[in-house]
Amino acid sequence: MSTRTLRRGAPVRRQPVRTRGKPKPSRIDWLLSKLPVSEAALRRAATVAMLSVGGVALSAGAVALGVPAMVGEQLGEAAGRAGFRVEQIEITGLKRMDRMSVYAVALDQQSRALPLVDLEAVRQKLLRYGWIADAHVSRRLPDTLLVDIVERQPAAVWQDQGRLTLIDRDGVLLDPVDPGAIPDLPLIIGPGADRQAPGYQALLAAAPALKPRVRAATWVGNRRWDLRFDSGETLKLPEEGAAAALLDFAKRDGAHPLLGRGWVSFDMRDPAKLVARKPNPETQRQVADPGEGTTGSTVAANMGTEG
């Protein structure tokens, strides 16, 4: 055995310690560093991608186990913790309805995690409001709920037992109306008149020349209409064939003006004649058909009870 003798005082040579240099970045890392997004944003996007792919696979297996809802909630909450939560609500199409009511419906959620927002449930809640004819609800990553509203258009004011209500052309109730600020819309009066709004709109469409002059319509006895014109006259229409009677009146007025000539009312409940009344209740006239080529009239009997 050989031995090595170290002399006292002789310096001990130390082997140099090799240090590892900073690893050279990979090609992928270099490419990622050049992207115009932060690492946090990339991580968030990767989380969503994994949740989407994993969610499909887990949901398929969970259906067989009978627990799809639980798995879906867990995936949704995981996305929420990754930053995909409802933080903003953008509303479009809203003109007349209260905006805060829409916010309240959109935020009425058990979880603010964006994937767990029940879009159809939000839509159905919004459709309960009279002003809203339709709504489309969608998500925009990472944190926004989009609500697009289609509002109904007011078409008339319904008066019943002293109360005024704004309605659309289908009779849907929209909003109460302040008696001191009634909008410039046709007034329909009487119990059940709101439910007759579609028929009323069709009635006016039969005589478009007269439509701008109708200021109010009363639904009488739940069976027929009385129309009041801007010149003050009332036209009593029959229960059957009201549209044809109104068109006939429009033709007569076009041939020989009747409105604004001092008459109080016109009665067309009898399809065979048009009876006009002057301010004196005892004076009534049967207006000749313009097709007869005469403007003359004959005295008619008193009308008796009206309804």
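Each reported figure results from applying straightforward, stated rules to the coordinates on display, with no laboratory input. Being a predicted model, the structure only gives us computed values, none of them experimental. FYI the Cβ positions are ideal-geometry reconstructions off the backbone, even for glycines, and counts take in every protein chain you see.
Taking the stated definitions as given, is Ala272 exposed (fewer than 15 other Cβ atoms within 10 Å of the Cβ) and in contact with a Pro (Cβ under 6 Å, 6 or more places away or on another chain)? Before the answer, list the steps.
Numbers: exposed (fewer than 15 other Cβ atoms within 10 Å of the Cβ): yes; in contact with a Pro (Cβ under 6 Å, 6 or more places away or on another chain): no.
Spelling it out, it is not the case that Ala272 is exposed (fewer than 15 other Cβ atoms within 10 Å of the Cβ) and in contact with a Pro (Cβ under 6 Å, 6 or more places away or on another chain).
Just give me the residues in the range 156-211 being assigned to a helix (DSSP H, G or I) and more than 15 Å from Leu227 (Cβ to Cβ), in sequence order. Reasoning before the result, please.
The first filter runs over the range 156-211 and keeps only residues assigned to a helix (DSSP H, G or I), leaving 179-181, 194-205, 211.
Matches in the range 156-211: Pro179, Gly180, Ala181, Asp194, Arg195, Pro198.
Take the residues in the range 105-115 that are more than 24 Å from the chain's Cα centre (by Cα) and surrounded by 19 or more Cβ atoms within 10 Å (Cβ to Cβ); name whichever of them is farthest from Arg139 (Cα to Cα). Full working, then the answer.
Step one: of the range 105-115, the residues more than 24 Å from the chain's Cα centre (by Cα) are 110-113, 115.
Then keep just the ones that are surrounded by 19 or more Cβ atoms within 10 Å (Cβ to Cβ); that gives 113, 115.
Numbers: Ala113: 11, Pro115: 8 Å.
Only one residue tops the list, namely Ala113.
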